[in-house]
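Heads up: the structure comes next, in structure tokens.
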Amino acid sequence: MLIGLIVAAILGPLYVWQNNDRPSAKRYGLGSAIAVLGAAVTPIAMGQCAFAAETTGVDHLFAYTLMAGGAWLALIALQSFFDRADGKKSESAAMTGEIRTGGFRMGWWVPWALLSPTLIVLIVFLYLPAIQTFTLSTKLTRLGAPKSVDVCFGNFTELFITDPWKLVAYPLIAVGLIYGARFWMNRSEPGTLSRKGADVATVVAMLSVFVALYAMFSPGGGEQVAYRPVYVTTVIISVGIVAFGMIGGLAVAYLAFRRIRGGSLYRTFLIWPYAISPAVAGVLFFMIFDPTAGIFTHTMSSVFGIDVPNYRHNAFMAQSAIILASGWKILGYNILFYLAGLQTVSHDQIEAALLDGASTWQRFVKIVLPALSPITFFLLVTNLTYAFFEVYATIDFMTKGAPAGKTSVAIYEIIRVGVNNGDLGRGAAQSVLLFAAVIAVTLWQFRTSGSRVSYGGS
Amino acid sequence: MAGAGLSPGVQKKTFFRGRQWPYHLSLTVTAVVIAFPLLYAALIATQNNTEIFAFQLTPGSALKSNFDAVWFGRDFAGAMWNSTIQTFVVTIGKTVLSLLAGLAFVYFKFRGKWVVFFFVLVTLMMPTEVMILAMFRLVSGFGWQDSMLAITVPFLASATGAFLFRQHFANLPSELLEASQIDGASPLQFLTRVIIPISWNVIAALFVIQFVYTWNMFLWPSLIIRDENKQVVQVALQTLTNIDGALTYGPLMLAAIIASIPPAIVFLLMQKPFMSGFAIGQNK
């Protein structure tokens, strides 16, 4: 633990040096102190349990990762404090949407009174459960039982492979690939062969993140929990829903955005599934795919002579059915946004793209897609959130995680472990992993939406 | 993104040049394909099991008995009522709290505003689902199991709503405030007499989004509400998968359709203000 604190004390001033316009001895000292404080929060809160006797390298690894995270967050907070002190207030004022002239001049308590109902609900029903999720994840405790045992990182380490060196190496390789691809991208000119190589490298680097996570999660065996299958199922179903929903949504929107007679009526008939619930989507597709009474199985065998396996016993069929039902439900939402987005693309450009038959596809790729990239990016994140959480109801009606957990995605597994098996601690640990995934996606959204996506026309 | 609304009239009124019938045809086909699951469910809802297993493609004879099984046999009406109360409490409560928060963010200067803003912003990446086990324990600890409080109070505040109004208010002309300050209006009078009358589009957009979101909620009520009489409609559908020990398709499909009527009506009735308010919400 001491090593971690010393490293934080050294890296703190380095961060200040990197990000500060006016570094001074005082600020370096503050950076060092704050980094140590941030790093010390988690080990102290957990009673330094990860450094007790009988802990493994994996325990230490988790502890150091949390210390690094704590130091990093503390430094970010310090930096924003410095920025305010340096008079970079304009940005934050624009962010909070302050009006330029005055505002109400009343007692200091008035705005707090207006905000208090919102803040109380957010504290009691979001911040408090979030903190409790973290504390629960370090315990073994049964639902409804008052007793609990502290297990430190035990609920987490059992989800991962046991070799600490591999656990360090895999994410480092993925991060290295991402920075390498970004470096290559910055060095290459658009339109050259080198840029094409950089594009490929970027895709490979992104995929390497998924591969690294696959390798890090435990395949099971011994005392380990087989979390790798849950990860694979979650990735397959999420990617399937997002791809189906977004490509389908864009295709239909591109068909429907033209100004023709009765256009708004068509639009209503295309976007209404937005109002359908994930549970009802599950019920409707439960009927279609039902092995005995459903129209799908019947049509396939009586018209095409194909005997379709029961989707509740066949992994591929089960996953496809879930993807189809969820993708269908989110289609309306995507069409709605893409229709709004297509209105902002220059009409002349689109008509040129439509009329020039020979290269319609090329023009679509070169003009329409880039113009839609902010919407695409926004939808990517919302669809991903949908695929992570809302899919629960659809799965519960169609497959209940069957066959053999092949449709048990992360959120379904959390409820199965935490509620149905009553194992709150283990369920909470899985929740923390999903939480980390959501935070990663959101941060990626915040960073990317600021820099790389084209906001042409807005 | 000016003029991003879907309402015609914002853009020039030229219809697409060229032959129109291929587009009418392909749009009709697409609409039918998208509607297929619902049309199929509507067909099944009129049939009894014999007709279903015969794959009869015409309306069956059992609509009345299916309805009786759903509405009276399983007290689906009770579940619809529970969902209605839940949805109106959450939707109206959330709109009011979001309006107040937006008012405080835009029309007041106070120490620590930036911290509060950040505090609310962070909740955007805290979906209820990832902390659902802790929340289950917490809310059970309040003794709110099987109570309407459990499915309304936790959802009364939202960062989305607060930020939607904050952004909308910030784009309103500041002369509005000056004028009403000269008149000596209080913040609440300013809100109810000046702001709300010109903000119905944004309010409608939030109303539709929150109505659909709350009505369609499944996971949380399925955990915290165990008493069938207190259950909301999405979860109550599950009791219909099995009637008298057998799988009954007709009542289930009919119930699914009935459960979808309220959000569909709200969505259709408020489509226009929703679209324009939604364009404002997108206008960063």
Run the quick spin-label model on A:LEU73 and A:ASP163: label points 7 Å from Cα toward the beta carbon, then report their separation in nm to one decimal.
-> 3.2 nm
Descending packing, highest mean Cβ count within 10 Å first, for A:37-44, A:404-411 is A:404-411, A:37-44
Between B:ILE198 and A:ASP86, what is the label-to-label distance in nm when each label sits 7 Å out along the Cα-to-Cβ direction?
-> 3.8 nm
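Checking the table A:LYS139/B:LYS230; A:LYS196/A:LYS366; A:LYS329/B:LYS272; A:LYS26/B:LYS109; B:LYS94/B:LYS272; A:LYS329/A:LYS400 against a 25 Å threshold on Cα-Cα, which pairs fail?
With Cα atoms farther than 25 Å apart: A:LYS139/B:LYS230; A:LYS26/B:LYS109.
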Calculate the mean, over all residues of peptide A:395-406, of how many other protein chain Cβ atoms lie within 10 angstrom of the residue's Cβ.
-> 1
Partner shielding of A:290-298, as the mean number of partner chain Cβ atoms within 10 Å, equals 4
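Taking the Cβ of A:ALA321 as the centre, find all other residues whose Cβ is under 14 Å away and add up their charges (Lys, Arg: +1; Asp, Glu: -1). Please list the in-between numbers first.
Values: positive: A:ARG312, A:LYS329, A:LYS400, A:LYS406; negative: A:ASP290, A:ASP396.
Taking every other residue near A:ALA321 into account, the sum is +2.
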Positive-pole candidate from B:LEU177, A:PRO219, A:PRO13, dipole of the protein assembly as shown, charges at beta carbon = B:LEU177
The stretch A:167-183 to the stretch A:16-62: how many Å between their Cα centroids?
-> 23 Å
Anisotropy class of chain B from Cα gyration tensor, a/c 1.5 cut | oblate
Theoretical ellipticity at 222 nm over chain B - DSSP helices of four or more residues, -39500 (n - 2.57) apiece, nearest 500 | -19000 deg cm²/dmol
What FRET efficiency would be calculated for the residue pair B:LEU149, B:LEU121, taking the C-beta separation as r and a Förster radius of 22 Å, to the nearest 0.05?
-> 0.20
Everything considered on the Cα gyration tensor (a ≥ b ≥ c; rounded for a/c under 1.5, else prolate if a/b is larger than b/c, else oblate), the protein assembly as shown must be described as rounded
Could you please state, rounded to a whole Å, how far the C-alpha centre of the stretch B:217-263 is from the C-alpha centre of the stretch B:73-106?
-> 20 Å
Label points 7 Å out from Cα along the Cβ direction at B:ARG226 and A:TYR214: separation in nm?
-> 4.1 nm
With +1 on each Lys and Arg Cβ and -1 on each Asp and Glu Cβ, and nothing else charged, work out how big the dipole of chain A is about its Cα centre, in Debye to the nearest 20.
-> 880 debye
State the extension gain, in nm to one decimal, for the chain segment bounded by A:HIS313 and A:SER24, taking 0.36 nm per residue of separation less the distance between their alpha-carbons.
-> 97.4 nm
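Just so you know, all these numbers are worked out from the coordinates, no wet-lab data involved. Computed from a prediction, not measured in an experiment: that's the story for all the values here. Ideal geometry is used to build each Cβ from the backbone, glycine not excepted, and the neighbour counts take in all protein chains shown.
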